[in-house]
Amino acid sequence: MAGAASTVPPGLPGSDPLTDPLRVAAARRLLLEVPGPAAFDRLSALAARLLDVGHVKVTLFTDRDVVVGGHGLPAGVVGGPALLTGALSAITVRQGSSLRISSAADDERVAGLPAVTSGEVRSYLGAPLLAASGQVVGALAGYDAAPREWSDDAEELLEQLAASVVAELELSAAQSAVGTSRAWLEVALEASSVGIWERDLRTGTIHWDERCAALFGVDSAMDHESLDQVLTEHVHPEDHAAVEEAMRVAIEERGDYTVEFRVRREDGVARWVLARGRVVADASGAPARVLGTVLDVTEARGQAQRRLTAVERAAAIAEVAAELANAARLEDLADVVVRAAHVLGAQTGALAIVDGPGGPLRLHMAGDLAATVREQHPEIGLVDGVVLPMDDALPVQYAARRGRRLLLSDPAETIARFPAMAGVVDLVGLRALAAVPLRVEGRVLGTFLVVWTVDHDFLGDDVEVLEALAAQIALSVSRLQADAERAAAVAAMAQANERLRLLAEAGRVLSGTLDINQQIGRLASLVVPELADWCWIVVTDEQGRLHDVASSHRDAARRSEVEEYVRAMVATMSEASAARRVTTTGSPVMLPVIDWDDVARALPDAGARERFARLGAGSGVAVPLVARGQVLGALGLFTREERGPLGDREVDTAVEIGRRAGLALHQARLYGQQRELADALQRSMLTEPPQPEHGEIVVRYVPAAEGAEIGGDWYDAFLQRGGATVLAIGDVVGHDTRAAAAMGQVRGLLRGISYSSGGSPAEVLSELDRAVQGLALDTMATALVAHLEPEPGDETGRVRLRWANAGHPPPALLASDGSVVLLEGKQADLLLGVAPETVREDHVAVLAPGSTVLLYTDGLVERRDRDIDAGTQQLLEVLGDCEGLPLGELCDRVLERMFLPDAEDDVAVLAVRLHPEG
């Protein structure tokens, strides 16, 4: 496209802001001063990274659109028109507010634009570039070829970056203006033959520029080794003492240097010069240099004082202009303004600055004026300036509010026009004043105030000098405000990133475990020292009583002190305490300053108050731990006086952490309740085994580690009607309360079928498999059923073990001679719940007296760090080491060596041992 006008969608009501001549002029002014794309490319890259978009561009709109920087753009785009995407940026400029489009193809405002129909833009987020003049001069836009949802944070972030882009543009314009001013200064110095000199107090050397050297009759700039050399070679002997004394006083008082003396030139001609200078200190405050000017005043000495004053003004203006150009902070300008007032022959001055659009007017004073106000009104704070209402009560406000210059040379007239000035006139002995608005591009930034304590009439070039100084001051104010706005935007982004990092870390900590104590303990260690110097966390129980759970201190050696205090606090605190107020109301409690009367009401116990005092707290805040409208506890954060109270952003972060902690606490409690219910259900169905005449039976059940799911492992042992001992063990597929319930059904069916039918293990498993299908239990399970039957015709005490296996780990046998084997028989039959028609088979082994058989579920031999074969081999080795142990101790030893505390599966063990022979 050729320009913005050709890309603007038709049909928008009202006049077109794009063609507004004031807006076009403001944009053209900034475009002309664009130094290059580097700064805007960096800001575009930052926006692309923070928004996670592929393309970002900065576009200025004069009578056409021009891309001045971007990220992810084709080669050659920067410096030219915005092409297809310019239409979207034009909409942003036209409406003067951010444009958020999640799916361009579905948005009737832009669906027909070429950028959308071509597929180049599917999502778009644009922010207007609002210049200091109040005009929208362009747009900062990010876009992608895929639809996406833009968050409010993303829009706010882009608007902040747009402010940084405008700050860069305004800074370039201001620097250009400063450069022009410096050129004017150079021309002025050249025209007035003002020389520049510098004395290095550390080395003693003195440098003259060309004009200074010319005044001394030297053809070019030169350096001198010392002041003595200058005096000896170039200064009239009668003036040596005056020059040395003026220099000594200036250095000692770190003040101004002013002296008139005669120059001895090589041509023999004596000329009078006026040297002025100022002592500059180094970083430690020690005098380092003297910077000054020198002016030939030979002709002026014979002329009227008015002529001499004008010359002095020129030199002083040059100094003031240089100081203004080098000022690094707004606070530095007040001292410069006083020196600017001296240029006009005034005794003092002040500077009033508007704190941004819609902000207050702050009056900054320095020198004698500040000293007088501080002496007469010590209660007034002058460090950050005196805030003045934006009205017409005083000349300084009138000039800033109306943008008009005021020149008042009669105190009576001043009081008559501004009655509130009566006290000021008496306070400072005011005789005349000038209030000149500080204006940049039609925008008033404040007021330059000049005060005379002697009679003064505004004659000659007074007004021109006032306006020139005000223009220089206004440029410096604009530049420093732009720097401050950019720094604030960067700081805000850093704070937002830090808040997101802390919240993300809190989420990670709270989701890392379902153990409540671990959750809260890790959270306490996270918020200290990030948000506070020390903290406590208390939670409520089911009866609403508060319990101390966790605490922390930035000094690890003092954490035990915090623990002692929190225990005392919970035991003795009243309803007025922060913890009780938070858990009662569900709202944060702010303690910007610790009031010891409030502490006494909250902590009636003197010992608790003493512990609190020892910990030290200048301020604090307590936030609720909330989940689904229920307050589950409170988080207390405390900072010492030297750190200061938490800011609004930090409090918001603490509240969000409390909300997330409440949800995690709620989930952990809910999980614990569910787990306890399922575990109780499971244990209620695992009954004590009988003790048959021929042997001993021992059972064990160990649930999975805290945080793992409930399993479906079970065992059973009972006597049939015929006297045979039935042993059973199994594992229902699944790890939840449903698996535990299914386990109870399968176990009950097996016990009933076995007892009523008296069938063999294979017959019982076959009938159980058919029952699982017929009753629609919709579950699968492994199981092993075994019978202990006396060996027919055997009188030695041997017992026959008959078993059938439905996909379960095989039994392990520890023989009376200490050997260990698996009773595998043939391959295990198919597990239950898959194919009820499966033919199942009994296996038989004859056990000698003293033999031990171990039945177990797979959680004993299978876990994440080893396969089932390795686990089974380890089980056999452990059993071999347990020879001779009592049966109960054998089971405990096996579990101790095979089952890890963090196991993710539960384990059931059933062991039977035949009585030894005899």
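Computed from the coordinates by the stated procedures, all read-outs in this text should not be read as laboratory data. Keep in mind it's a predicted model, so treat the numbers as computed, not measured. Heads up, the Cβs are rebuilt from the backbone with ideal geometry, glycines too, and the neighbour counts pull from every protein chain shown.
Ranking of 780, 569 by neighbouring Cβ atoms within 10 Å, starting from the fewest: 780, 569. Along its principal axes, segment 4-151 has C-alpha extents of 37, 36, 28 angstrom, given from the largest down. Set the Förster distance to 25 Å, then compute FRET efficiency between residue 649 and residue 283 from the Cβ-Cβ distance, nearest 0.05. My answer for the efficiency is 0.15. Across the chain, C-alpha contacts under 8 Å between residues 6 or more apart give a mean separation that, scaled by the residue count, equals a relative contact order of 6 percent. For segment 200-294, applying the loop criterion from DSSP together with a ceiling of 15 other beta carbons within 10 Å to the GluC sites (Glu not before Pro) yields 225, 266. With Rh defined as the Kirkwood radius, the inverse of the mean 1/r over Cα pairs, the Rg/Rh of segment 773-918 is 0.99. Of the trypsin sites (Lys or Arg not before Pro) in segment 844-918, the ones in a loop by DSSP (not H, G, I, E or B) with at most 10 other beta carbons within 10 Å are 864.
Among the GluC sites (Glu not before Pro) within segment 519-561, those in coil by DSSP and having at most 10 neighbouring Cβ atoms inside 10 Å are 542. Phi angles across segment 617-626 convert, under the Karplus curve 6.51 cos²θ - 1.76 cosθ + 1.60 with θ = phi - 60°, into 3J(HN,Hα) values of 8, x, 7, x, 8, 10, 10, x, 9, 10 Hz, Gly and Pro given as x.
What is the diffusion coefficient of the chain in µm²/s, taking the Kirkwood radius over Cα pairs and the Stokes-Einstein relation at 10 °C with a viscosity of 1.306 mPa s? For the chosen part, D equals 43 µm²/s.
Put in line by how crowded their Cβ is, counting other Cβ atoms within 10 Å and starting with the fewest, 535, 882 read 882, 535. The H on the amide N of residue 393, modeled in the peptide plane, is under 5 Å from the matching H of no residue at least 5 residues off or on a different chain. Report the calculated FRET efficiency for residue 542 and residue 838 (r = Cβ-Cβ distance, R0 = 60 Å), to the nearest 0.05. Taking R0 as 60 Å, the efficiency between residue 542 and residue 838 is 0.75. Think of it as helices only: each DSSP H run of n ≥ 4 in the chain is worth -39500 (n - 2.57), and spread over all residues that comes to -13500 deg cm²/dmol at 222 nm.
With bins 5 Å wide beginning at 0, the percent of Cα pairs of segment 331-485 falling in each bin runs 2, 10, 20, 25, 23, 14, 6, 1, 0. Distance between the 7 Å Cα→Cβ label points at residue 459 and residue 236: 3.0 nm. Once the Cα atoms are used to define both axes, helix 305-326 deviates from the longest principal axis of the chain by about 10 degrees. Of 293, 453, the sequence from fewest to most neighbouring Cβ atoms within 10 angstrom is 453, 293.
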